[in-house]
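Asks: First, the structure itself, so that you have it in front of you.
The values are calculated or read from the model by the stated rules, or taken from the named source; none is laboratory data. These figures come from a predicted structure and were not determined experimentally. In this analysis, Cβ positions are derived from the backbone assuming ideal geometry, glycine residues included, and neighbour counts consider all displayed protein chains. Areas reflect the complete protein model, heavy atoms only, side chains present, ligands, DNA and RNA absent. Shrake-Rupley method; radii C 1.70, N 1.55, O 1.52, S 1.80 Å.
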Amino acid sequence: MMLYQSTRGNGEPVTVTEAIKQGIAPDGGLFVPTGPVGISLEDIVNMAPTSYQTRAIQVMEPFLTGFDQGELAQCVQDAYNDNSFDHPSIAPLTTLTRELSVLELWHGPTYAFKDMALQLLPHLLVKSMEKTGETQSILILVATSGDTGKAALEGFKNVPGTAIVVFYPDTGVSPVQKLQMITQEGNNVGVFAVRGNFDDAQSGVKNIFADVAFGHQIGTHGFKLSSANSINWGRLLPQIVYYFSSYADLLHTGVIKLGEKINFVVPTGNFGNILAGFYAAKMGLPVHKLICAANENNVLTDFIRTGVYDRHRVFKKTLSPSMDILISSNLERLLFELTGHNATMVRQWMQDLQEHGRYRVDDDTRDRVSQLFWSDFADDQDTLIAIEETYTRYGYVVDPHTAVAMRVQRRYQETTGDRHHMVVMSTASPFKFGASVAQALLGPEKTAGQSEYTLLETLADFCNLELPKGLSNIHQLPILHNQVVDKDKMKETVATFIGQHTKNR
Ligand SMILES: *Cc1c(COP(=O)(O)O)cnc(C)c1O
């Protein structure tokens with residue numbers, strides 16, 4: 001039976017259903033599995049001819065004690081199917097050369113990699129609520145700067161036993177992101193603009209979570225608050241699957257031999273995606289290096305090189321906004337694993353981070369980090385060059401986040417001469433960030449003065465690619481959410497939403 005413990009070491013281990021329901025441990029730590037899970041080379045070779053859904057069940061099952069095969073299969077089917085994903089392979093692997101492949105993690109409803117986890121999490125969460133005897137419905141509250149909000153809305157829409165309210169800053173999301181959210185369908189969703197910036201929306205949501213009286217008040221209406229953020233084990237677990245899946249695909253097409261080690265290059269922000277790669281390696285996937293590709297907010301590059309994590313630096317807005325992060329929460333899990341589950345050390349480092357914005361790990365831990373990880377970063381200029389270069393070399397179009405990874409992948413090969421097969425994690429459709437991609441491929445003259453939306457069409461024409469369905473018709477969809485609220489009225493907004501939705505439960 002697999003139990004989960006906090007990285008800060010307090011409290012008794014809990015079941016996976018509790019870990020998913022609680023999201024974060026009561027002592028502020030993150031839940032991690034207490035014991036190891038192994039997948040043998042034989043298991044991996046058996047995965048090669050199977051579907052993504054079958055691979056998902058096989059990889060996740062040992063972590064989900066208490067879920068029977070039928071339930072897990074149902075969750076997986078509800079998450080990854082023809083309605084939600086526009087590619088039958090779910091996460092298809094495109095091999096560019098014998099040494100380089102790209103794993104496309106953006107065929108879900110919002111065209112970015114968050115869907116890989118957020119399509120499944122709601123189903124795991126609802127099952128976890130049932131299994132822990134919880135009778136309340138879940139109300140998910142999200143403050144978003146763009147991507148996560150839409151992905152969470154798509155994941156939770158119409159899921160029985162749940163409702164979701166998303167707040168976004170009225171200035172601070174792109175026109176396409178805003179359109180995606182205000183046209184959101186679903187009988188259990190609320191979307192509200194907040195007068196202010198992302199921090200205002202975020203603080204408002206934090207205040208609501210901290211308000212005990214408010215929690216009781218919504219409890220009397222049959223709801224319980226929860227969050228869908230990336231530190232929930234239920235978001236990390238689905239991400240381990242595609243590391244195995246890409247390896248199985250490479251075996252199946254004969255690009256690699258069984259047991260051959262490969263590298264993964266991961267565009268990184270909150271360290272969730274690449275941490276899933278770490279767990280895959282720990283389970284037995286033949287991984288040589290995990291390459292952490294950062295943008296100019298390169299706090300992780302410095303950490304991997306020096307063992308010092310220092311968030312004191314200027315926050316930069318870049319062309320890869322989903323990686324604009326200075327506190328990579330999931331790193332705490334890696335530290336816990338690499339110190340052999342030493343909660344005392346982890347607690348100290350996290351306290352240093354809290355109080356001084358900085359910590360330094362001991363030399364042993366630093367060496368363990370650099371045995372498996374390598375890191376470099378790309379600035380905006382490099383990113384645009386990489387978009388262009390990738391298109392010229394391979395005829396393949398990448399978004400700015402993936403471009404950061406392409407750039408760092410080349411530097412890695414130039415620097416180390418390492419020839420293990422490389423899998424670049426592609427985290428967004430090029431059309432999701434089409435304006436930057438169009439700028440890189442067509443140049444400033446041909447793109448000047450065009451709206452974000454017409455740029456998407458220009459880009460599709462230029463590359464001879466089809467605009468994804470959900471982006472091509474977005475201007476014709478009815479606007480369903482047009483309320484703008486003051487930042488001190490967010491609580492009332494949630495209360496009103498609940499009043500309206502109690503009858504629909
Ligand atoms: C969230 C996101 C990332 C960063 O992933 P982490 O798990 O936070 O490291 C990279 N690219 C895109 C497009 C994203 O949406």
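Asks: Would any residue of the stretch 192-214 have its amide N under 15 Å from a label point 7 Å out along Cα→Cβ of residue 496? List them or say none.
Replies: 192-195
Asks: Could you work out how far apart the two model spin labels at residue 352 and residue 445 are, taking each label as a point 7 Å from the Cα in the direction of the beta carbon, and quote it in nm?
Replies: Label-label distance for residue 352 and residue 445, simple model: 5.4 nm.
Asks: Kirkwood hydrodynamic radius of the stretch 416-505 from all distinct Cα pairs, in Å?
Replies: Here the Kirkwood hydrodynamic radius works out to 17.4 Å.
Asks: Right, something else. If I take R0 = 45 Å and measure r between the Cβ atoms of residue 95 and residue 484 in this structure, what FRET efficiency does the formula 1/(1 + (r/R0)^6) give, to the nearest 0.05? Don't skip to the end; give the middle numbers.
Replies: On the way: r = 47 Å, r/R0 = 1.05.
Step by step, r from the Cβ atoms, then E = 0.45.
Asks: Sticking with this one: So what are the three principal axis dimensions of the stretch 109-243 from its Cα atoms, in whole Å, longest to shortest?
Replies: Result, largest extent first: 42, 42, 26 Å.
Asks: So what's the stretch 261-412 giving for Cα Rg divided by 2.2 N^0.38 Å, two decimals?
Replies: Scaled against compact globular proteins, the figure is 1.05.
Asks: Of the peptides 98-106, 201-209, 161-169, how do they stack up when ordered by the mean number of other Cβ atoms within 10 Å, highest first?
Replies: Averaged packing, sorted descending, gives the order 161-169, 98-106, 201-209.
Asks: Relative to the present Cα-Cα distance, how much length would full extension add between residue 327 and residue 71 at 0.36 nm per residue of separation?
Replies: The residue 327-residue 71 span can extend by a further 88.6 nm.
Asks: Here's a follow-up. Quick one: which residues, 5+ away or cross-chain, put their amide H under 5 Å from the amide H of residue 183? H built at 1.01 Å from N.
Replies: 480
Asks: Right, another one. Translational diffusion coefficient of the stretch 10-88 at 10 °C, 1.306 mPa s, Stokes-Einstein with Kirkwood Rh over Cα pairs, in µm²/s as a whole number.
Replies: 108 µm²/s
Asks: Viscosity 1.567 mPa s, temperature 4 °C: Stokes-Einstein D of the stretch 223-322 from its Kirkwood Cα radius, in µm² per second? Please list the in-between numbers first.
Replies: Numbers: Rh = 15.5 Å.
For these conditions, the coefficient is 83 µm²/s.
Asks: Based on Cα positions only, what radius of gyration and what Dmax would you give for the stretch 74-158, in angstroms?
Replies: For the stretch 74-158, the Cα radius of gyration and maximum Cα-Cα distance read 15.2, 53 Å.
Asks: Pop out the carbon and sulfur fraction of the accessible area of the chain as a percent, whole number, probe 1.4 Å.
Replies: 48 percent
Asks: Sorted by mean Cβ packing within 10 Å, highest first, what order do the peptides 345-356, 145-156, 434-445, 481-492 take? Each step should come with its number before you reach the end.
Replies: Details: 345-356: 15.7, 145-156: 25.5, 434-445: 19.7, 481-492: 14.2.
The most tightly packed comes first, giving 145-156, 434-445, 345-356, 481-492.
Asks: What does the charge count near residue 473 come to, summing +1 for each Lys or Arg and -1 for each Asp or Glu among other residues with Cβ under 15 Å from its Cβ?
Replies: Every neighbour counted, the sum reads -3.
Asks: According to the Cα gyration tensor, what semi-axes, each the square root of 5 times an eigenvalue, does the equivalent ellipsoid of the chain have, listed from largest to smallest in whole Å?
Replies: Here the semi-axes work out to 32, 29, 23 Å.
Asks: In Å², what does the accessible area per residue of the chain work out to with a 1.4 Å probe?
Replies: On a per-residue basis, the chain sits at 40 Å².
Asks: By how many nm would the segment from residue 469 to residue 452 grow when fully extended, if each residue of separation counts as 0.36 nm and the alpha-carbon distance is taken off?
Replies: Answer, rounded to one decimal: 4.5 nm.
Asks: Still on this structure, I have one more. Which value, in Å to one decimal place, does the Kirkwood hydrodynamic radius take for the stretch 329-411 when every pair of different Cα atoms is included?
Replies: Computed over Cα pairs of the stretch 329-411, the Kirkwood hydrodynamic radius comes out at 15.2 Å.
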